[in-house]
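First comes the structure, then the notes that go with it.
The values are calculated or read from the model by the stated rules, or taken from the named source; none is laboratory data. Bear in mind the structure is a predicted one, so any value in this text is a computation, not a measurement. We place every Cβ from the backbone using ideal geometry, glycine too, and count neighbours over all the protein chains shown.
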Amino acid sequence: MDARRDIPLVITFLVGVIAVMDYYTTFSAVKETFTVIKNWGVVLNAFALGLGAVNLFRVHGRRISERKRSDWPFSAWLLLMLVIFVLVGLGTGQFDASDQYQWIYNALYLPIGATMYASLCFYMSYGAYKILRARNLDSFLLFVTAIFVVLGNTPLFPALFPPFFHIREWIFKAVVGGAYRGIRIGVGIGAVVLGIRTLIGMETGYLGRR
């Protein structure tokens, strides 16, 4: 008996069975037990966040002390912002509700996020150019569909030619909607199969093993 393997499998099986029973039954004992499990999950998530912060300090602190890589100032900036956000949150007692925290978030995080997304637009445009080159019939149909969707999303072209909007709606509801339903059905079946394999101990990837 391998305790490092069998004990996590037993815990996973018991928690999974209780979660399924909580969804499909109305027994008070089951619901109370699952409530306790969910509360423990919140506590474990908090510990996982703390462990992640410690790991960040360990990895990036070593990178700053060695200074072998040219991007070590970014590691210093990351740790500085982490400390500032934590201190401001703990000092005010209201993490995302305090004025100080909101100012730091709006003055630092939002502009950086906007810059990142603005930079991604260039890569997305280049990727769209490479994908939408009409080399064969399939790529030509994709190109035509993309043109109708793009023109239908702009206010000018539907105002000048209303069928653009209706064509766009038909593409989203009939073509994209049908494909999306197929993807969701496949994902749902895969999730059920993965859950069953995890409950019966056939899926052990979460244990760090193949």
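Condition check: surrounded by 11 or more Cβ atoms within 10 Å (Cβ to Cβ), of a type outside the set (Phe, Trp, Tyr) and in a helix (DSSP H, G or I). Does residue 29 satisfy that? It is false that residue 29 is surrounded by 11 or more Cβ atoms within 10 Å (Cβ to Cβ), of a type outside the set (Phe, Trp, Tyr) and in a helix (DSSP H, G or I). One residue stands out among those in the range 97-122 that are more than 27 Å from residue 165 (Cα to Cα), loosely packed, with under 11 Cβ neighbours inside 10 Å and at pLDDT below 80: the one that is nearest to the chain's Cα centre (by Cα), which is 97.
Applying a threshold of 8 Å to beta carbon distances and a minimum spacing of six or more residues, or different chains, the list of pairs starting in the range 166-184 at a residue that is in contact (Cβ under 8 Å) with a residue 24 or more places away in the chain and more than 23 Å from residue 155 (Cα to Cα) and ending at one that is surrounded by 12 or more Cβ atoms within 10 Å (Cβ to Cβ) and not aromatic (Phe, Trp, Tyr) is empty.
Yes/no per residue for (1) closer than 30 Å to residue 168 by Cβ; (2) out of contact with any helix residue (DSSP H, G or I) (no Cβ under 8 Å at 6 or more places or on another chain); (3) not assigned by TED's automatic domain parsing to the domain that holds residue 170:
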{"residue": "105", "(1), (2), (3)": "no, yes, yes"}
{"residue": "108", "(1), (2), (3)": "no, no, yes"}
{"residue": "111", "(1), (2), (3)": "no, yes, yes"}
{"residue": "120", "(1), (2), (3)": "yes, yes, yes"}
{"residue": "141", "(1), (2), (3)": "yes, yes, no"}
{"residue": "152", "(1), (2), (3)": "yes, no, no"}
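Annotation note: Cβ proximity below 9 Å between a residue of the range 185-205 that is free of Cβ contacts under 8 Å to residues at least 40 places away in the same chain and a residue that is surrounded by 12 or more Cβ atoms within 10 Å (Cβ to Cβ) and not in a helix (DSSP H, G or I) (sequence gap 6+ or interchain) occurs for 194/203; 196/203; 197/203.
Listed conditions (1) surrounded by 14 or more Cβ atoms within 10 Å (Cβ to Cβ); (2) within 24 Å of the chain's Cα centre (by Cα) are all met by residue 46, apart from (1). Here residue 187 does not fit the description of being surrounded by 13 or more Cβ atoms within 10 Å (Cβ to Cβ), more than 30 Å from residue 4 (Cα to Cα) and among the β-branched types (Val, Ile, Thr).
Can you pull out the residues in the range 49-78 that are on the phi > 0 side of the Ramachandran plot and under 22 Å from the mean Cα position of the chain (by Cα)?
Scanning the range 49-78 gives no hits.
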